[in-house]
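Bear in mind these aren't lab numbers, they're just calculated from the coordinates by the rules spelled out. Just so you know, these numbers come straight off a predicted model, no measurement behind them. Note that each Cβ is placed from the backbone with ideal geometry, even for glycine, and that neighbours are counted across all protein chains shown.
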Amino acid sequence: MLSWLFMAEVFTFDRFCSCRCPFFIPPTVPQVSKERPMRSAAERHSQILKLLDLQGYVTVANLSRDMKVSEATVRRDLRHLEQRSLLFRTHGGATPTNHRVYDRPVSEKAKQQAEEKRRIGRAAAELVEEHDSLILASGTTVIQVAKHLHGKSDLTVIAGAMNVAIELLHLPNVEVFMLGGIVRLTSTSVGGPNAESMMRQHSCSKLFLGVDGFDIERGLTTTNVLESSLNQHMIASARQTIVVTDSTKFGLCGFSHICDVDKIDTVITDTNVLDSTVRDLEDRDVTVITA
C-alpha cells in the first residue's frame, strides 16, 4: 500500500512539473561548454603577473599551453595588461613593465632562474679543454661556470670579479689572476683603468661573458659603464667569446652597451629561449647551445 502511494505521488509530481504552471519553475542544470577556458580573464591575468614576477619573462606559447587557452586569447590578455602598464610586450612574450634593467645586488640575482643558470654553467664548463686560458667576467651565471670547472686540469683563469676568484681558489691545477681596480659593491666585479690595463697585457683562448640585457638589434648590454668598458677589453683579448645568459635576458637592455651580436661566437642559454631568437642568432653565424 505504501509503495502504491509513493508511486502515485511521483506520478502526480512528474505530471505537475510537465504542465505549464505559472507558479512553478522546474530546476535546471547548468551546462558547461567543452570549449570553456580553464581560467577566467581575471584568473589568467593574475597568473601571468605571478609568472612574470617569478620568472622575469613569459612566452605566448607557454602561457597558451599552461592555461589551456588559444594563443590569440593570451595575446589579448597581454595587450590588456600592457595598457594597464603592468607589463611590457615583446616578440612572442612579455617582460616586466620596464624592459630596461637596473643594477641589483648579486644575492638577489642569484635567486632568479637558479636552476637554469646551473645548467648553463655546466654546459659552458664542458667547452673548457685542458691547458685552456680563460677569462671569467662577472655575474651569477659566470659563477656557475666557475663552480663546474672541477676536474679540469692545467687551467689559467683571469677573474673579473672577487666572488668568481674565490670560487676558483679551492680547485687544484688552476692558476687564478685577479684583476685589480674599482670594486662594485653590488656584484664584487672590478672595473676602471687599472683592470683594463691589466687585461690588455694578456691573450686568452675563451671568454665567458655574462650580460644584463641581450637584444638582437641593440646588442649586449650591462647596467654599469665601467663593467661594459672592461668587457670590451676582455672581448679584444679572447680568441672566442661565449655568452652565458638565461633566456629572460633576451629583449632587455641595460644602460651601457658592450658590443654588437656579430662580436660574439657562442651563446649558451636555457631551453625556454624562443625559437625565433635562436634563428636570429644562427642567421648571424652565432652558435646557440641550450641547456
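Below are the figures for this structure:
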item	result
Gap separating the Cα centres of segment 174-221 and segment 134-161, nearest whole Å	12
Net +/- balance of residues flanking Thr277 in space, Cβ distance below 14 Å, scoring K and R +1, D and E -1	-4
Cα-centre dipole for segment 228-285 with unit charges at Cβ (Lys and Arg positive, Asp and Glu negative), debye to 20	260
Sorted by Cβ density within 10 Å, fewest first, the residues Ser153, Ser237, Ser228	Ser153, Ser237, Ser228
Inter-probe distance in nm under a simple model that places probes 7 Å from Cα toward Cβ, at Arg218 and Asp265	2.8
Projected label distance in nm at Glu82 and Val225, using a 7 Å step from Cα toward the beta-carbon	3.2
Gain on full stretching of the segment that runs from His170 to Glu129 - 0.36 nm per residue minus C-alpha separation	12.9 nm
Fewest-first ranking of Phe208, Phe214, using other Cβ atoms within 10 Å as the exposure measure	Phe214, Phe208
Rounded FRET efficiency, nearest 0.05, which uses the C-beta distance separating Glu115 from Val278 and R0 of 30 Å	0.90
Rounded to 5, the percent of DSSP beta bridges in segment 187-284 classed as antiparallel	40
Extension gain (nm, one decimal) between Arg200 and Ser153, 0.36 nm per residue minus Cα-Cα	14.4 nm
Filter on Lys50/Lys147; Lys152/Lys263; Lys68/Lys263; Lys50/Lys263; Lys68/Lys147; Lys117/Lys206 - keep pairs with C-alpha separation over 29 Å	Lys50/Lys147; Lys68/Lys263; Lys50/Lys263; Lys68/Lys147
Cβ-based exposure ranking for Lys263, Lys117, Lys109, in which fewest neighbours within 10 Å come first	Lys263, Lys109, Lys117
